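Comments concern the structure below.
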Amino acid sequence: MAIMITDDCINCGACEPECPNTAIYEGGVEWKMADGTTVDSAYTIQTGDTIEPDAEQAPISDEFYYIVPDKCTECVGFHEEPQCAAVCPVDCCVPDPERVEAESLLAARQARLHA
């Protein structure tokens, strides 16, 4: 499953540099699929929408840091555990119960994001 940041976030930013997929953004900041990945062509996200890699997407949160689920691999392919959760001082980086994903799917996403 993807990791999510709860509204307990204190906006410290400790998680952002730890993400190997650049899936974490400060609240209110637009995101791009190409940020921190090798994606260079149209990419279909989980909603079924296809987006261009350099197209700015609306922030998921305006109030606190957020994780783009389509870029989150729970650090599969990089680390033994999600690094955002490991460094979060308030334990607000938690598994998203609405996005349960098998490790094989996370590994496939990692391979696609970093071809």
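The values are calculated or read from the model by the stated rules, or taken from the named source; none is laboratory data. Small disclaimer: the values here were computed from a predicted structure and weren't measured. Cβ placement follows ideal geometry from the backbone for every residue including glycine, while neighbour counts extend to all protein chains displayed.
Kindly provide the set of residues from region 101-111 that are buried (at least 16 other Cβ atoms within 10 Å of the Cβ) and either on the phi > 0 side of the Ramachandran plot or part of a helix (DSSP H, G or I) (or both), ordered by number.
LEU106, ARG109, GLN110
Answer with yes or no whether ARG109 is out of contact with any strand residue (DSSP E or B) (no Cβ under 7 Å at 6 or more places or on another chain), among the basic types (Lys, Arg) and at pLDDT below 95.
So ARG109 fails the test.
Residues checked against (1) on the phi > 0 side of the Ramachandran plot; (2) touching a Gly at 6+ places or on another chain (Cβ under 8 Å); (3) of a type in the set (Lys, Arg):
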| position | (1), (2), (3) |
| --- | --- |
| ILE3 | no, no, no |
| THR6 | no, no, no |
| PRO20 | no, yes, no |
| ILE24 | no, no, no |
| ALA58 | no, no, no |
| SER61 | no, yes, no |
| GLY77 | yes, no, no |
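Just give me the residues in region 33-45 being out of contact with any Ser or Thr (no Cβ under 9 Å at 6 or more places or on another chain) and touching a residue at least 24 places away in the same chain (Cβ under 8 Å), in sequence order.
Those that are out of contact with any Ser or Thr (no Cβ under 9 Å at 6 or more places or on another chain) and touching a residue at least 24 places away in the same chain (Cβ under 8 Å): MET33, THR38, VAL39, ILE45.
How many of the residues making up region 34-65 are polar (S, T, N, Q) and in a strand (DSSP E or B)?
Within region 34-65, residues that are polar (S, T, N, Q) and in a strand (DSSP E or B) number 3.
Conditions tested, residue by residue: (1) in contact with a Ser or Thr (Cβ under 7 Å, 6 or more places away or on another chain); (2) crowded, with 18+ Cβ neighbours inside 10 Å; (3) of a type in the set (Asp, Glu).
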site: CYS9; (1), (2), (3): no, yes, no
site: CYS19; (1), (2), (3): no, yes, no
site: ILE24; (1), (2), (3): no, yes, no
site: THR47; (1), (2), (3): no, no, no
site: ASP54; (1), (2), (3): no, no, yes
site: ILE67; (1), (2), (3): no, yes, no
site: GLU74; (1), (2), (3): no, yes, yes
site: PRO82; (1), (2), (3): no, yes, no
site: ARG99; (1), (2), (3): no, no, no
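Scan region 2-24 and give yes if some residue there is aliphatic (A, V, I, L, M), modelled with pLDDT under 95 and assigned to a loop (DSSP other than H, G, I, E, B), otherwise no.
Yes, the conditions are met somewhere in region 2-24.
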